[in-house]
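Participant: The structure under discussion is supplied below as structure tokens; questions concerning it will follow.
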Amino acid sequence: RLIMMKKTLVALTLLLPALAMADGTIGVLDPIAALQSSDNVKAKMSSLENELSADEQKLNSLQNDVQKLQQKLQKEAMTMSADQQDTLKTQGQQKMIEIQSLQRKLQKRANEAQREILEEMQPKLKTAMEAVAKREKLDVVLNAQAVMYTKPDLDITEAVGKQLNSMK
């Protein structure tokens, strides 16, 4: 934690002269928001949601099944034989294993898709940011996540998003 603070202070110290020289020609960009506003990313995310919807429905169904098995076991445990209870518990455990496997599969696919989108869109984002910076005559563009406060008129996120959409 202390090392991270020292690194941040060093980075800020190195950044301050550049900011001082910039003299008001600074832009701030939230790259994630710019990407999320792009039509290309929206289309890819929609496609991913459609791709994963069947597995998500199956996951919900399995979770409901486990809940029903648990409720049945709680309600009827007194009247069930030990074998019947064991059978229900085994079914529940099997469904839990299936749930975990499906969750891992969904998470893996979502991570892969996110990586693919970033790999494809990062050069486009850079080009869009550079075009906006040139048009707005900016000397420095900072990542919004690294900035504690900025005036709203320094935020170029929306302009970069529009530039991304115009690039196709």
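Participant: For the structure I just gave you, tell me whether residue 66 is at pLDDT 90 or above, assigned to a helix (DSSP H, G or I) and under 28 Å from residue 97 (Cα atoms).
Facilitator: yes
Participant: Tell me, which residue of segment 112-151 that is in a loop (DSSP other than H, G, I, E, B) and not acidic (Asp, Glu) is most open to solvent (accessible area, probe 1.4 Å)?
Facilitator: The residue in question is 148.
Participant: Please list, ordered by first then second residue, the pairs with beta carbon atoms under 6 Å, 6 or more apart or interchain, first in segment 56-67 and under 15 Å from residue 92 (Cβ atoms) and open to solvent by less than 60 Å² (accessible area, probe 1.4 Å), second of a type outside the set (Asp, Glu) and in a helix (DSSP H, G or I).
Facilitator: 62/95; 62/99; 65/95; 66/92; 66/95
Participant: Could you give me the residue pairs with C-beta distances under 9 Å whose first residue belongs to segment 86-101 and is under 11 Å from residue 63 (Cα atoms), whose second residue is open to solvent by 80 Å² or more (accessible area, probe 1.4 Å) and part of a helix (DSSP H, G or I) wherever it lies, and which are 6+ apart or on separate chains?
Facilitator: Matching pairs, first to second residue: 92/70; 98/58.
Participant: Turning to a different aspect of this structure: Please determine whether any residue of segment 13-24 is β-branched (Val, Ile, Thr), at pLDDT 60 or above and open to solvent by less than 100 Å² (accessible area, probe 1.4 Å).
Facilitator: No: zero hits.
Participant: Of everything in segment 73-84, what is part of a helix (DSSP H, G or I) and surrounded by 15 or more Cβ atoms within 10 Å (Cβ to Cβ)? Give them in sequence order.
Facilitator: Matches in segment 73-84: 73 only.
Participant: Please find, among 113, 146, 128, the residue that is modelled with pLDDT of 95 or more and either within 24 Å of the chain's Cα centre (by Cα) or not aliphatic (A, V, I, L, M) (or both).
Facilitator: 128 is the lone residue from the list that is modelled with pLDDT of 95 or more and either within 24 Å of the chain's Cα centre (by Cα) or not aliphatic (A, V, I, L, M) (or both).
Participant: Would you please name the residue that is nearest to residue 129 (Cα to Cα), looking only at residues in segment 146-168 that are without any contact (Cβ under 8 Å) to a residue 24 or more places away in the chain and among the small types (Gly, Ala, Ser)?
Facilitator: Taking the candidates together, the pick is 166.
Participant: In addition: Being under 23 Å from the mean Cα position of the chain (by Cα) and either at pLDDT below 90 or of a type in the set (Val, Ile, Thr) (or both) is the filter here, so list the residues in segment 150-166 that pass it.
Facilitator: Answer for segment 150-166, where residues must be under 23 Å from the mean Cα position of the chain (by Cα) and either at pLDDT below 90 or of a type in the set (Val, Ile, Thr) (or both): 156, 157, 160.
Participant: Six or more apart or on different chains, Cβ under 7 Å: which pairs go from a residue in segment 115-129 that's under 19 Å from residue 159 (Cα atoms) and touching a residue at least 12 places away in the same chain (Cβ under 8 Å) to one that's of a type outside the set (Lys, Arg) and not in a helix (DSSP H, G or I)? Could you list them?
Facilitator: 129/29; 129/141
The values are calculated or read from the model by the stated rules, or taken from the named source; none is laboratory data. Please read all numbers here as calculations on a predicted model, not as lab measurements. FYI the Cβ positions are ideal-geometry reconstructions off the backbone, even for glycines, and counts take in every protein chain you see. For the accessible areas, the whole protein counts, side chains as well, though only heavy atoms, and no ligand, DNA or RNA atoms are used. Shrake-Rupley method; radii C 1.70, N 1.55, O 1.52, S 1.80 Å.
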